[in-house]
C-alpha cells in the first residue's frame, strides 16, 4: 500500500458517498445513468467475488464488501425507491457495445485461462468504460448539477491516482500489471474532457455546462 | 519485471 493507492481508494469511497448523499438529500437520481451504475455492479461482482477464496487484508475485504453492497444499494434506490426520478429516455447508450468487446478482450488478455481470471480481466476492461453511458448522458443533456459533477470528479481522481501508484510499485516492488495499467490509462483518459470543464468551471463557482 | 496481476489492488 502506498499513498497514491490509499488516496485513490479513499477518493473512490468518497465518490460513492457523494452519490448516495445526492440521491438521499434531493430524493432524486436525476442526472445519474442507471446503465453506468448497473455496469459498476457487474464490475464489482465479477472482480470481488474473490472475497471467498483470496484473503489480502481486512482493509481489502472491507472495501470489497462496501463496493458490492453500496453499488447494489444504489441500483435499488434508482430502480425502486426513486424510480419516478429516473428517466431512461435520456440513458440511451447501448451497453452491449461495451459488454461484448470486454468479454472478447478478457478471453484474449488474461493472466490465466480460467474462469476466475477471465472474470477478473473482464471486470478490469469493463470498469475502464463503465462511465461511458454516464458521460454520454451528460453530453446529451449538456449540463449537470454540481453534486453530480463532484461525484464524477472523485471517481476520475480515483483512477488518475492509480497511475502514480503503478509507477511507484514498478520502482519499489518491481511489479507491473499490463492489463490493469492499460485499462487504467484508458479509463483515466475518458475523464480528460470532463476534468477540463470541472476544473475550469465548476471549481470556479460556475455551472457545469458543455458548449453547444 | 515479469508481468503479474495485481490482485491485491481494488
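Name the residue, out of A:131, A:163, that is surrounded by fewer than 20 Cβ atoms within 10 Å (Cβ to Cβ) and within 24 Å of residue A:18 (Cα to Cα).
It is A:163.
Identify, by number, the condition in (1) closer than 19 Å to residue A:39 by Cα; (2) touching a strand residue (DSSP E or B) at 6+ places or on another chain (Cβ under 8 Å) that residue A:144 doesn't meet.
That leaves (1) as the condition not met.
Keeping to the stretch A:166-211, report how many residues are surrounded by 13 or more Cβ atoms within 10 Å (Cβ to Cβ), assigned to a loop (DSSP other than H, G, I, E, B) and either within 12 Å of chain B (Cβ to nearest Cβ) or within 20 Å of the chain's Cα centre (by Cα) (or both).
3
Output yes when any residue across the stretch A:87-102 is modelled with pLDDT under 95, out of contact with any strand residue (DSSP E or B) (no Cβ under 8 Å at 6 or more places or on another chain), away from chain B (no Cβ under 14 Å) and not in a helix (DSSP H, G or I), and no when none is.
Within the stretch A:87-102, one or more residues are modelled with pLDDT under 95, out of contact with any strand residue (DSSP E or B) (no Cβ under 8 Å at 6 or more places or on another chain), away from chain B (no Cβ under 14 Å) and not in a helix (DSSP H, G or I).
Which ones in the stretch A:4-40 are in contact with a strand residue (DSSP E or B) (Cβ under 9 Å, 6 or more places away or on another chain) and surrounded by fewer than 16 Cβ atoms within 10 Å (Cβ to Cβ)?
Across the stretch A:4-40, there are no qualifying residues.
For residue A:149, indicate whether it is within 28 Å of residue A:23 (Cβ to Cβ), in a helix (DSSP H, G or I) and either modelled with pLDDT of 95 or more or away from chain B (no Cβ under 14 Å) (or both).
Taking the combined requirement at face value, the residue satisfies it.
Could you please find all residues in the stretch A:134-146 being assigned to a helix (DSSP H, G or I) and buried (at least 21 other Cβ atoms within 10 Å of the Cβ)?
Within the stretch A:134-146, A:134, A:137, A:138 qualify.
The values are calculated or read from the model by the stated rules, or taken from the named source; none is laboratory data. Quick caveat, the model's predicted, so the values are computed rather than measured. As a convention, Cβ positions derive from the backbone with ideal geometry for all residues, glycine included, and neighbour counts pool all protein chains shown.
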